[in-house]
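Shown next, in structure tokens, is the structure this report addresses.
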């Protein structure tokens, strides 16, 4: 008589054979796969639309669109640019050779490497009308102190200097020249026709700055640039080349992804073939077992491309792990058929196959609910692949006649005897162990939501990037103050006040720098005060200068006449000038309606540089805390916080999904439902305990690995509950767990921190699943086949 659990879900075990096995459905599925193949061929007509951006894994900052806009604008000038610093014995010759190679790049928009390449129009020409409103702090202090009398002697020297460019009418005191000298903090200098910088040791390096016409994530662009640089280094082995730019990090990530696709994917595939041939001893069976994998990939690839437009290379690397799961269902079917022979029927396996698919889909689809586009794509790819593989198993494999080697049954029997516990585990001991592990996890487990988990760049690459940025004195905008105000004058006043506050803290020992738009465009009130100072300077001091210089008397009248109708320097005027180009990334302008309460206001950023220490961050947070219109933004910390929020969000979804699954399992298995869930939950607790003992922090990606452990562990528990006393079932569970460990565990050797954490979690968790299944298997469990 069939056991009570098998009388439930009778519709699943007695009817599906009537609608899943018929020949028409098998042919229909074949037609769908042919259509998918044609669609894939059309999608690949111009090559694989791929994506290498690791930022695709980041959540969208739905809390602050203005911060997102500011961050994007600060980073945009650096996205399509790259910088090379070259040190060589014959620097002019080596620079010319490198520039010639770079000029051959198909996607190079421009290359600056000669001193004439950065020669803009004379800023004094465009700023001439505003010169009387622009004074350095030193000039302001001097004029306020003595009316500018002490400026007469320097002005006389300038007027009669053979190297000077005296302007006795327009600017007799050289006010604009002094202001421009203060603004020019560039570390780039011209030398023998080259653009160069010097490091702390005095080594002169040639600067070559390129602008890409296309995306730095385009693989052909990456490959062409890397090839040209490699060729140059082979031709100039003694030259030292420092590289900076997003394209170099993207190229390194793409190379790494391609390498891991080949090592992880091919490694798992090779291991899979060896295992299957060892167990089933038939190349024909091997080919049949690979059909679900092929079908799953053919189903998942075109549909994922159709949904997302592009395929991230990490999706392919992650999809390589699909090998271990997609073949799971085929292994259960073939193991049972290889041992049962002619008495094999699909119908008894269908409940386990269906519930196994459902549990795996829950694990993958939980990722699809996250706001990370890259992870949604991975989850979609894997879920579609599993559905495709499952349909191939159910519709095709039962119709294939495959040989059954006697060695398979012998192996299953030996494995059963070798791994079946000789005694049962005491519930008291088990509960004590669980309590101990929970105490260790609660007391020692740490979390790490650092954004650096997404960065595949090597420490050497990151150190080189920092070295170049330090030599150039540039910053990509990781730290900044976001400032808002109702109008331009108020915004500039607020920026200027922040600059003064920062100066006070820097004088007190705060070791940071900053870039403030208000230093180039003073607030209107300050511009008016500056003009008043110049009128005072053009009184007695200018008369004394004209007299001592022996200039014609009308010079005084003409010079004073230039102070009439002096225009205010507006932000738009400054940003339109060549000299103001670098400040365009600091100005956000009018906030649109999407800004909520901030809509209609003006916004700008004050860029902070050299912010590293926690006390520096605390000081900046304190500075911003005093003004509701000022926000301190640490882009790395902010995105890390979003990853932490996402990790907690996923934990909630997993708990909800697990609760739902437990209801289904309780309906199906009643009091034995805990035996189904125990391998998966015990493995998760074991992973957390080992992480706590080893000091490995929990992060988003190890948590995603735990999702996969949960899905595969429930799969193993379901098949053990359905057919737990049959050696064929234990052989199939062992093979599926082994192939999953092979596929997911290899990700532990990935150089990408995200994949490494996911793989390490799966390697430990799936091993624990396999170890726990025999201990929770019911000793009196019977199967439908055995009772039939």
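No lab work stands behind these numbers, since they all come straight from the coordinates. These numbers were taken from a predicted model, which means no experiment stands behind them. All Cβ positions, glycine included, derive from the backbone under ideal geometry; neighbour counts span all protein chains shown.
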If you line up the Cα atoms of the range 108-257 on their principal axes, what length do they span on each, largest first, in Å? 67, 31, 25
Three-way shape call for the range 640-748 based on the alpha-carbon gyration tensor, with the a/c threshold at 1.5: oblate
How many angstrom lie between the Cα centre of the range 699-713 and the Cα centre of the range 277-300? 26
What does the highest-first list of 169-177, 86-94 look like by mean Cβ count within 10 Å? 169-177, 86-94
Based on alpha-carbon centroids, what's the gap between the range 374-410 and the range 475-520 in Å, whole number please? 61
What is the calculated FRET efficiency for residue 203 to residue 452, with r their C-beta to C-beta distance and R₀ = 51 Å, to the nearest 0.05? 0.95
The extension gain from residue 439 to residue 671, computed as 0.36 nm times the residue separation minus the Cα-Cα distance, is 80.8 nm
Relative exposure of 696, 718, judged by other C-beta atoms within 10 Å (fewest first): 696, 718
At 7 Å along Cα-to-Cβ for each site, give me the label-to-label distance between residue 145 and residue 426 in nm. 8.9
When only C-alpha pairs under 8 Å and at least 6 residues apart count, what is the relative contact order of the range 188-339, in percent? 19
Looking at the chain, what % of its DSSP beta bridges pair antiparallel, to the nearest 5? 90
For the peptides 270-281, 701-712, what is the packing order when you average, over each peptide's residues, the other Cβ atoms within 10 Å and list the highest mean first? 701-712, 270-281
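Using alpha-carbon pairs under 8 Å, 6+ residues apart, how would you state the relative contact order of the chain in percent?
22
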Most exposed first, judged by fewest Cβ atoms within 10 angstrom, 503, 515 run 503, 515
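Restricting to Cα pairs below 8 Å that are 6+ residues apart, what does the relative contact order work out to for the range 519-637? Please round to a whole percent. Working shown, then result.
Values: 61 pairs, mean separation 17.7, N = 119.
15 percent.
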Using a basic spin-label model with each label point 7 Å from the Cα along Cα→Cβ, how many nm lie between residue 560 and residue 181? 2.8
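Order these by the 10 Å Cβ neighbour count, fewest first: 110, 762.
110, 762
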Simple spin-label estimate for residue 525/residue 153, 7 Å along Cα→Cβ, in nm, reads 3.6
Highest mean first, how do 577-585, 41-49, 675-683, 615-623 rank when packing is the count of other Cβ atoms within 10 Å averaged over residues? 675-683, 577-585, 615-623, 41-49
Let a ≥ b ≥ c be the square roots of the eigenvalues of the Cα gyration tensor of the range 644-707; is it rounded (a/c under 1.5), or, if not, prolate (a/b larger than b/c) or oblate? oblate
Under the rule rounded for a/c under 1.5, else prolate if a/b exceeds b/c, else oblate, using alpha carbon gyration tensor axes a ≥ b ≥ c, the range 355-502 is classed as prolate
What number, rounded to the nearest 500 deg cm²/dmol, is the helix-based mean residue ellipticity at 222 nm of the chain, given -39500 (n - 2.57) per DSSP H run of at least four residues and division by all its residues? -19500 deg cm²/dmol
Here are several values of P(r) over Cα pairs in 10 Å bins from 0, in percent: (1) 3, 13, 21, 21, 16, 11, 8, 5, 2, 1, 0; (2) 2, 11, 17, 18, 15, 12, 9, 7, 4, 3, 1, 0, 0; (3) 2, 10, 14, 13, 9, 6, 5, 5, 6, 6, 7, 6, 5, 3, 2, 1, 0, 0. Which one was derived from the coordinates shown? (2)
